[in-house]
1. Tally up the residues in the stretch 117-131 that are in a loop (DSSP other than H, G, I, E, B) and either touching a residue at least 40 places away in the same chain (Cβ under 8 Å) or farther than 15 Å from VAL71 by Cα (or both), please.
2. With respect to the numbered conditions (1) under 15 Å from VAL1 (Cα atoms); (2) outside any helix (DSSP H, G or I), which one is the sole condition not fulfilled by TRP68?
3. Given the criteria loosely packed, with under 15 Cβ neighbours inside 10 Å and either part of a helix (DSSP H, G or I) or in contact (Cβ under 8 Å) with a residue 60 or more places away in the chain (or both), does LEU101 qualify?
4. Residues in the stretch 32-49 that are at negative phi and surrounded by 15 or more Cβ atoms within 10 Å (Cβ to Cβ): how many?
5. Just name the residue that is surrounded by the most Cβ atoms within 10 Å (Cβ to Cβ) out of those in the stretch 104-115 that are out of contact with any helix residue (DSSP H, G or I) (no Cβ under 8 Å at 6 or more places or on another chain) and not hydrophobic (A, V, I, L, M, F, W, C).
6. Test each condition in (1) in a loop (DSSP other than H, G, I, E, B); (2) in the same structural domain as SER30 (by TED's automatic domain parsing) for VAL61 and report the one that comes out false.
Amino acid sequence: VVPFIEGFLANPNPAGLLSHDEFETMMNLSICTCYAPNLAVPVLKGDLYFDLHTGDLVPDVWRKLLAWDPVHMVDDHVDALRRLRWIHLEAGTEDEYSLHLGHRKLAAKLEAHGIRHLIEEYPGKHGGHHYRMADRIRRMLARMAEPV
């Protein structure tokens, strides 16, 4: 892990030099640094949520990551979520990261708490949906302009 990260950081435009698999690996390692920080870990500065040799989840670290999962956060933030004027969940039905499945779970949790939201799925993957941006912004601004 350390040589991979050091090689990444040694380049002025590291993401542009990575293969798809290397980019995915770096994203997963970044999750460790963000959600399970540990300054004692050389270079990564975070705990791995999986065992490098077996692939098994490390329960204590995995719990730290789940604490930041929106589905797991809803119960602790119901009042704040109810005050939001716009919650819009949108993903392609073929999202490579299964975002649409996570959105379905999140929408069910919001629904159970009576929290107003909109969930939309469209034909497509994780990217390539810029054509939907103008409509998203138009609807968001209309909702934001409604009286409180």
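1. Taking the stretch 117-131 as the starting set, the residues that turn out to be in a loop (DSSP other than H, G, I, E, B) are 117, 123-129.
Applying the additional criterion that residues be either touching a residue at least 40 places away in the same chain (Cβ under 8 Å) or farther than 15 Å from VAL71 by Cα (or both) yields 123-129.
Result for the stretch 117-131: 7.
2. For TRP68, the exception is condition (1).
3. Yes, satisfied.
4. 10
5. My answer is ARG104.
6. Only one criterion in (1) in a loop (DSSP other than H, G, I, E, B); (2) in the same structural domain as SER30 (by TED's automatic domain parsing) is unmet by VAL61, namely (1).
The values are calculated or read from the model by the stated rules, or taken from the named source; none is laboratory data. Computed from a predicted structure; not experimentally measured. Positions of Cβ are backbone-derived with ideal geometry, glycine not excepted, and every protein chain shown enters the neighbour counts.
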